[in-house]
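Student: First the structure, then my questions, so here it is.
FYI, it's all coordinate maths here, none of it is from the lab. None of these values were measured; they are calculated from a predicted model. All Cβ positions, even for glycine, are placed from backbone atoms using ideal geometry, and neighbour counts span all protein chains on display.
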Amino acid sequence: MPLIGLDLEKLKYPHNGLFTVCWQLGQRLPALLEQDEELLYYLPAGFKGFTNNACYKALYYKWYHRYFFHPPKTAVWHALHQDTNVYPRKRTGKLVLTIHDLNFLLDERKDDRTKTLLLRRLQEQVDEADRIVTISRFTFNTVQEHLRVAKEKCCIIYNGADIKEYPSFDQPCYRPAAPFLFSVGMLMPKKNFHVLPALLQHNQYELLIAGAPHGDYIKKIQEEAALFGVSNRVKLLGPISNQDKYWYLKNCYAYVFPSITEGFGIPPIEAMQFGKPVFLSDKTSLPEVGGNHAYYFRDFDPHHMQQVFEEGMHQYATQHPQQAIIAHAHQFNWDRMTREYLHVYRSLY
């Protein structure tokens, strides 16, 4: 009876994309199993369970697992992120490793020695794994460039994206007084949110950014808003509910996401499911996600960004591409992702 183990410990971080990936995979896998297949979920302490009464065995995080982690023998163990706190120290079965990105290589705060050590650690994980999954072609190419791994050992499985609908919800935590631009994500330097206040010059739009603050980066956003004289129209909402997120995506004038280090990029796809005009940086995986249905900032000069935004909104208003945008977004769905992961597991036993 094959036992499939999944490291879902990152469910302890409820306000980021990795939580969403873990949640969706954990929710959907049980319904696709054959009668003789079982699941073992490695979960954060205090996890309350999935909403669909998913059937699985549970193993909960303990502090000492960082040093001594020997899960039950499994047919396959899936580490859903390369920065996992645990990695089986002795082989309990086949290993699948998902690599989301190698963003640390682009982090100017890390010196060369630190980057070398992180690469060495990741190489050790790659060497132990039987199958490597990347979440975008960009990450696949980055892995091939910086790590020793055979191409036939790797595959690409795109994340999904969907938004639970709350059609009767009309009580957002903040109600804008004017048409607004929206973005969501952890408020940290790699998300590059501080370049967005420039888009509020010469108009009366508001800018709403939702997400948990990280360090003192919030000050950088506020400083840029003050520099352009738009502080009163930049609203930093903090973490928001799913209902709020639905309302803001449904009602925003445009979605803006200038991130410079993404392994995939779930939020832009969520906005595209509403047929919204989406403005992205042209860095890392985002052109792969947005395709020909998004508008791109080639650099972050304020005049360039304003020009891209104005021309993009004019094109959107005159060509009415909403249905094409929605169709593009629907390519990325959680059911497909789950089926493809299950295919990988089954190929190993």
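Student: Put +1 on the Cβ of each Lys and Arg and -1 on the Cβ of each Asp and Glu in segment 180-329; which of 315, 266, 279 then has its Cα farthest toward the positive end of the dipole?
Tutor: 266
Student: I'd like to know which of 187, 200, 325 lies farthest towards the positive end of the charge dipole of segment 180-329, counting +1 on Cβ of Lys and Arg and -1 on Cβ of Asp and Glu.
Tutor: 187
Student: OK, next. With a 10 Å Cβ neighbour count serving as the proxy for reagent exposure, in which order, fewest first, do 304, 314, 65 appear? Before the final figure, lay out the partial values.
Tutor: Working: 304 13, 314 10, 65 17.
Listed from fewest to most nearby Cβ atoms, that is 314, 304, 65.
Student: Determine, for 84, 134, the number of other Cβ atoms within 10 Å of each Cβ, and report the residues in order from fewest to most.
Tutor: On the way: 84 16, 134 26.
Ascending number of Cβ neighbours within 10 Å: 84, 134.
Student: Do any of 153/250; 190/276; 12/164; 57/164; 94/164; 115/151 go past 32 Å between their Cα atoms, and which?
Tutor: Details: 153/250 41 Å; 190/276 23 Å; 12/164 21 Å; 57/164 27 Å; 94/164 35 Å; 115/151 23 Å.
Long pairs (Cα-Cα over 32 Å): 153/250; 94/164.
Student: Let me ask you something else. Rounded to a whole number, what is D in µm²/s for the chain from Stokes-Einstein with the Kirkwood radius over alpha-carbon pairs (37 °C, 0.692 mPa s)? Before the final figure, lay out the partial values.
Tutor: Details: Rh = 21.5 Å.
Calculated translational D: 153 µm²/s.
Student: Here is a follow-up. Using a simple charge model, +1 on the beta-carbon of Lys and Arg, -1 on the beta-carbon of Asp and Glu, nothing else, what dipole does the chain show about its Cα centre, in debye to the nearest 20? Walk me through the numbers before you get to the answer.
Tutor: Details: 39 positive and 36 negative charges, 203 e Å.
Using only the charged Cβ atoms, the result is roughly 980 debye.
Student: Here's something else I'd like to know. What whole number of Å gives the distance from the Cα centroid of segment 106-146 to the Cα centroid of segment 1-73?
Tutor: Cα centroid of segment 1-73 versus Cα centroid of segment 106-146: 24 Å apart.
Student: Count neighbours as other Cβ atoms within 10 Å of each site's Cβ, and list the GluC sites (Glu not before Pro) in segment 94-174 that are DSSP loop with at most 14 such neighbours.
Tutor: Working: sites: 108, 124, 128, 145, 152, 165; in loops: 108, 165.
Here the sparse-neighbourhood loop sites are 108, 165.
Student: Next question, about the same structure. Note down, for segment 180-329, the three equivalent ellipsoid semi-axes (square root of 5 times each alpha carbon gyration tensor eigenvalue), biggest first, whole angstrom. Provide the component values of the computation, followed by the final result.
Tutor: Details: eigenvalues 94, 59, 47 Å².
Sorted largest first and rounded, they come to 22, 17, 15 Å.
Student: Another one. Fewest to most neighbouring Cβ within 10 Å: what's the order for 249, 286?
Tutor: On the way: 249 19, 286 25.
Ranking 249, 286 by Cβ neighbours within 10 Å, fewest first, gives 249, 286.
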